[in-house]
Amino acid sequence: MNSLVKGISKVRSVRSFSTVSMSPLEPNKKLNYEGIDAKLKQFRLHHNKPLTLAEKIIYGHLEDPSTKVERGVTYLKLHPDRVAMQDATAQMAVLQFMSAGLPETAVPTTIHCDHLIEAFKGGEKDLAVAKDINKEVYNFLATSAEKFGMGFWKPGSGIIHQIVLENYAFPGGLMIGTDSHTPNAGGLGMVAVGVGGADAVDVMAGIPWELKAPKIIGVKLTGSLKGWSSPKDVILRVADILTVKGGTGAIVEYFGSGVESLSCTGMATICNMGAEIGATTSLFPFNKRMVDYLNSTGRSNIANAANTFKHNLVADPNAHYDHLIEINLDTLEPYINGPFTPDLGHPLSKFAESVKANNWPAELKVGLIGSCTNSSYEDMSRSASVAQQALDKGITAKAKFTITPGSEQIRATIERDGQMKVLEKVGGVVLANACGPCIGQWKREDVPKGEKNSIITSYNRNFTGRNDSNVNTHAFVASPEIVTALTIAGDITFNPMTDYLTDKDGNKFKLNPPSGEELPSRGFDAGENTYQPPSPNGQNVKVDVDPNSSRLQLLQPFAPWDKKDLTDMQVLIKVQGKCTTDHISMAGPWLKYRGHLDNISNNMLIGAINSENGKANAVLNQFTGEVGPVPTVARDYKKRGVNWIVVGDENYGEGSSREHAALEPRHLGGKAILVKSFARIHETNLKKQGILPLTFDNPADYDKISGDDRISIIGLKDLAPGKQLTLIVKSAKQGSEFEIKVNQTMNAGQIEWFKAGSALNHIKSEKAKKN
């Protein structure tokens, strides 16, 4: 055995020497700082250069630390420390894991019930309704968690990302989660990446997780936040700079003296919304604010261990960043982003001008604070300080006002300490500890569907129709304290830094800047116990799926590639403009079908705009000559044995990590998606399900194709990494044929997924060979 192999063997055995648990809830699962350190030493033998923090964490989790790495090129095989799943995506992930035939998860895994609770009457009533109508799904997830050794957080426990931050995130860790805002844990110095369910299944099965080595964007922060400015304004500004696709294929790493002025939960806010720029993840270096938060949440042993390994929890001096942004917090003013996209930034001082210039509705109908992005104790305290000023002057909010606590711990603590009472007195309605309106789980009745109106939230995402399914709702994103101030005013053009309100006696007054404690001085109140730990006797638990259920459906494997070229595929739809995963597979009322592939496929691409007619969910069936809903036409093509393809624009599939946006096209007969560019997670999800993700070599070729054309992909038998493919397009309008070149980014392993019909098929095939 040579010295390198000996070194690697030593690295793989060092994990057992750690004595500190990764979480107080998992005493037998230990930190692996020694292992990370040993792997990094091996890695540096082959890479003589300073490393960024993100690189230290990622390369410290390599399966083979001798891997030669080039950013943006090399595919890495990694071993994450844990997996987290929310209930909407967990259903399909668990169904896939069940079909793999494994007895338990290979790494610590948790399921969080936060997506299926609809906001309507208020927290307690909405939670009771959700428990009733989702009983079958909750029981399936609870028993599956028990059987396969996963932790289960019951409905009402809180939002996945807040629960992870409070209990599981730790500096230097690597985690994947089946939600695009998993990077929230970067506020505690963790590389936390949003993925599709199939990626989660790989890690749960003990298979290395594959990630293309990200490029690194550095954001240097100097100065300190003042007045009305908050951590949310940092990411709103970054989104304005980088746009919704500027972070694609990159990790955003924050550093600089300004970091010390941010709270741990504030850093989490910034990392959370990094998903809106397409970043793989975002993170901050280990610092005192993280220590304070770990101590406050009962994890001082982790803080002490992190201090010991601090050299691996900050970037090396002179580490190289592929792109550098500098933000002076001293001069950063509050931002309001939107509408319809989270990267349209407006400094608060110029926002009123933008409202008037664009004829956006100035009257504010609803202000919404909370969600996974901004529901910390500090957020609620600062918002309450603004609300208290209004109450002191005898006034309440002019617009409707909702508050979403991020977790039961936050809810219980702000109830004990009084912030909740203040927010309710000013006119707020406290919703359940869940995602609610942020993901479209909002039974909104104050505005008729289709009416033009404005809302403002402290959420992270504001795509068209996302919050309330009304395409004419202008949704703006800001910090919770700005949202609170504007809600009191009832006017989105109100600037609390310069404008005045009127008290109950008709006198003018100006709001003072918000204030609030970063962490509760009396410690957190855990509230109701909503956690079900992994069972030691999971093998005896039975998981049932009713074959007649409309909510759950066992999966059938997709057919493998038939070793032939894909010829005469019908263009199902040529998508015009932005096409997020919300357009491809809507959330809101459709969430209830996330465990039933056939039923949820009835929402496939119903939000996408057809370039042929400018309409959503209206495509021409080339066989009947009738215009019908996209899923209906796709089902007809499948029934006729006709393969189909989707043509799309830039950053196709941005937004959520939902793999249903890839599963549904595969289920209904789709073979390929051809676009100008892909969002990272969606491209991977397509590969996992055996769909070919293709990009135009010449983006101008998008304009040559119509929604009536047929397309053939030639040369699939010679499919290889980096190799271009030739498409023959039969133009229905011109009655002629032409060729175009397209690119694909599949590596050798991903090509095997395509040949097998899906990544899961390939896993099962490899497992069968070993047996």
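The values are calculated or read from the model by the stated rules, or taken from the named source; none is laboratory data. All values reported here derive from a predicted model rather than from experimental measurement. Because the Cβ atoms are built from the backbone with ideal geometry, glycine has one as well, and the counts that use them run over all protein chains shown. Keep in mind that these areas ignore ligands, DNA and RNA; they rest on the heavy atoms of the full protein, side chains included. Shrake-Rupley method; radii C 1.70, N 1.55, O 1.52, S 1.80 Å.
Values as computed for the structure displayed
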| quantity | calculated |
| --- | --- |
| Filter result for the condition that a residue is assigned to a helix (DSSP H, G or I), small (Gly, Ala, Ser) and crowded, with 22+ Cβ neighbours inside 10 Å, over Ala145, Ala128, Ala84 | Ala145 |
| Residue within the range 591-603 that is free of Cβ contacts under 8 Å to residues at least 40 places away in the same chain, among the polar types (S, T, N, Q), open to solvent by 30 Å² or more (accessible area, probe 1.4 Å) and over 30 Å from Ile395 (Cβ atoms) present | yes |
| Residues of the range 290-343 that turn out to be closer than 30 Å to Arg71 by Cα, open to solvent by 50 Å² or more (accessible area, probe 1.4 Å) and not hydroxyl-bearing (Ser, Thr, Tyr), as a count | 11 |
| The range 736-765 - residue that is open to solvent by 70 Å² or more (accessible area, probe 1.4 Å) and over 15 Å from Gly715 (Cα atoms) and, of those, modelled with the lowest pLDDT | Lys764 |
| Criterion: free of Cβ contacts under 8 Å to residues at least 24 places away in the same chain, surrounded by 24 or more Cβ atoms within 10 Å (Cβ to Cβ), under 23 Å from Tyr293 (Cβ atoms) and out of contact with any Asp or Glu (no Cβ under 8 Å at 6 or more places or on another chain) - qualifying residue of Ala192, Ala169 | Ala169 |
| Selected residue (criterion: nearest to Gly669 (Cα to Cα)) from residues of the range 583-609 that are modelled with pLDDT under 95 and aliphatic (A, V, I, L, M) | Met586 |
| Residues of the range 569-604 that turn out to be outside any helix (DSSP H, G or I) and aliphatic (A, V, I, L, M), as a count | 8 |
| Selection count, the range 46-68, where residues are open to solvent by 10 Å² or more (accessible area, probe 1.4 Å), under 18 Å from Pro317 (Cα atoms) and touching a residue at least 24 places away in the same chain (Cβ under 8 Å) | 2 |
| Sole residue being open to solvent by 30 Å² or more (accessible area, probe 1.4 Å), in contact (Cβ under 8 Å) with a residue 24 or more places away in the chain and outside any strand (DSSP E or B), chosen from Asp708, Asp636 | Asp708 |
| Count of residues meeting criterion [open to solvent by 10 Å² or more (accessible area, probe 1.4 Å), within 20 Å of the chain's Cα centre (by Cα) and not small (Gly, Ala, Ser)] in the range 242-283 | 6 |
| Residues (assigned to a strand (DSSP E or B), hydrophobic (A, V, I, L, M, F, W, C) and under 31 Å from the mean Cα position of the chain (by Cα)) located in the range 720-771 | Val742 |
| Every residue from the range 87-125 that is out of contact with any Leu (no Cβ under 8 Å at 6 or more places or on another chain), part of a loop (DSSP other than H, G, I, E, B), at negative phi and not charged (D, E, K, R) | Leu102, Pro103, Thr105, Ala106, Val107, Pro108, Phe120 |
| Residues of the range 385-424 satisfying the condition of being free of Cβ contacts under 8 Å to residues at least 24 places away in the same chain and not acidic (Asp, Glu) | Lys421 |
| Hits in the range 463-509 (condition: hydroxyl-bearing (Ser, Thr, Tyr), closer than 17 Å to Pro334 by Cα and in contact with a helix residue (DSSP H, G or I) (Cβ under 6 Å, 6 or more places away or on another chain)) | Ser479, Thr484, Thr493 |
| Selection from the range 659-690 of residues that are within 16 Å of the chain's Cα centre (by Cα) and either of a type outside the set (D, E, K, R) or open to solvent by 10 Å² or more (accessible area, probe 1.4 Å) (or both) | His660, Ala661, Ala662, Phe678, Ala679, Arg680, Ile681, His682, Glu683, Thr684, Asn685 |
| Residue satisfying all of: in the range 370-384; among the charged types (D, E, K, R) and either more than 22 Å from the chain's Cα centre (by Cα) or surrounded by fewer than 24 Cβ atoms within 10 Å (Cβ to Cβ) (or both); farthest from Ala526 (Cα to Cα) among these | Arg382 |
| Criterion (of a type outside the set (A, V, I, L, M, F, W, C), closer than 26 Å to Cys264 by Cβ and not in a loop (DSSP other than H, G, I, E, B)) met by exactly one of Gly186, Gly156 | Gly186 |
| Condition check for Tyr168: closer than 23 Å to Leu597 by Cα and modelled with pLDDT of 95 or more | no |
| Subset tally (residues that are part of a helix (DSSP H, G or I), among the aliphatic types (A, V, I, L, M) and modelled with pLDDT under 95) for the range 201-214 | 1 |
| Among (1) closer than 20 Å to Cys372 by Cβ; (2) modelled with pLDDT of 95 or more - the single one Lys135 does not satisfy | (1) |
